[in-house]
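Here the structure comes first, spelled out in structure tokens, and everything after it is commentary.
Each value in this text was obtained by applying a stated rule to the coordinates, not by laboratory testing. Just so you know, these numbers come straight off a predicted model, no measurement behind them. Glycine also receives a Cβ, built like all others from the backbone with ideal geometry; neighbour counts cover every protein chain displayed.
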Amino acid sequence: MKIFSLVITALFLSQALFSQIGGLSASKLYSQTAQTVDFKTVEFEPGFYHLRSNSYWDSDGKRQNIYSTPDSMRVVSGTYFRFTYGILPDLESGFTVSSDFSLLLFGLRYHFYHGNKSNLALIAGAGWPMGNTTIDERVRSTSNIPKIGGGLVWSYDFTNNLSIDATAEYMGFVKQTEHHDKGGVYLYGDLGYYVINHQLQLIGAAAYQITIDNHGSHRVFSLNPGITVETGKHFIVVLSLPIDVTGRNEVKNTAFNFALTIGID
């Protein structure tokens with residue numbers, strides 16, 4: 001039962017999709033981008049994810065089977081929706097919600113530094129568990145306590161076709177949890193290169209996440225190859241294949257993500 005509980009929690013909470021500050025636009029996969037949505041413009045993004053896992057890393061970082069038989073596997077699939085609005089020329093806000101409305105993520109970004117190649121932005125946000133289940137309020141589980149946090153985003157254009165985005169975030173719980181979680185640090189980096197007249201972007205992304213509680217440190221390092229297809233004027237197709245490479249006290253996930261970003265003037 002302990003391992004089963006670990007699987008259910010980690011499959012949902014360890015993914016970059018629901019760990020980082022939500023509701024904000026991005027130009028690649030894991031990381032945010034320093035640039036904001038255009039003033040008075042809306043971005044709407046429906047997305048789909050599919051995760052598979054049959055192993056985890058123990059407290060020594062050694063890989064172990066979750067189930068007694070190697071042919072058993074945990075599969076999780078779902079959808080989400082993101083809404084982002086350009087409040088001011090350098091300020092955007094939005095939210096991401098899971099399709100069953102069990103989780104709501106809110107985000108705010110301010111693009112404060114404009115350089116010829118380098119750009120910086122501050123981000124802040126919160127996450128609210130919405131429910132759709134029976135909750136015992138006496139148990140301060142991480143699944144029913146809100147989180148708040150902030151971070152810094154850096155974007156750099158090497159050329160017109162080659163660019164990098166990097167994000168550093170901290171998210172912490174507003175109340176003490178039953179396992180005394182200390183919050184989490186999330187680091188993301190995405191390198192993208194455009195081909196075919198700026199219509200196809202090839203992306204290599206990486207993520208490192210660490211949280212600490214009574215059971216020690218929980219760490220996972222993930223790689224995420226993917227593409228964006230930008231053949232339309234008001235939409236972008238995003239495809240990626242994230243995979244957890246190494247970790248500690250975390251489930252090893254392999255996933256597929258799809259998103260359709262739609263711009264509305």
Notebook entry, point to check: Can you give the longest stretch of the chain with no exposed loop site, where a site means chymotrypsin sites (Phe, Trp or Tyr not before Pro) in a DSSP loop (not H, G, I, E or B) with at most 16 other C-beta atoms within 10 Å?
Noted result: 159-265
Next item on the list: Taking the Cβ of each residue in 100, 213 as the centre, tally the other Cβ atoms inside 10 Å and list the residues starting with the fewest.
Entry: 100, 213
Notebook entry, point to check: Nearest 20 debye, what's the magnitude of the dipole of the chain about its Cα centre given +1 on Lys and Arg Cβ and -1 on Asp and Glu Cβ?
Noted result: 420 debye
Checklist line | With Cα atoms, 0 to 90° folded angle of helix 2-13 axis to the chain main axis | finding: 10 degrees
Margin query: Set the bar at 29 Å for Cα to Cα. Now go through 28/175; 147/233; 117/252; 117/233; 28/62; 28/252 and name every pair that lies beyond it.
Written below: 28/175; 147/233; 117/252; 28/62
Notebook entry, point to check: Among 248, 63, 52, which comes first, then next, by fewest other beta-carbon atoms within 10 Å?
Noted result: 63, 52, 248
Next item on the list: Place a +1 charge on the Cβ of each Lys and Arg in the range 143-265 and a -1 charge on the Cβ of each Asp and Glu, then give the dipole magnitude about the Cα centre in debye, rounded to the nearest 20.
Entry: 220 debye
Notebook entry, point to check: Which residue, chosen from 44, 216, 241, occupies the Cα position most advanced towards the positive end of the dipole of the range 2-264, where the dipole is computed from +1 (Lys, Arg) and -1 (Asp, Glu) charges on Cβ about the Cα centre?
Noted result: 216
Margin query: Bin width 5 Å, origin at 0, all Cα-Cα pairs of the range 91-134: what percent of pairs per bin?
Written below: 6, 19, 21, 15, 12, 10, 7, 5, 3, 1, 0
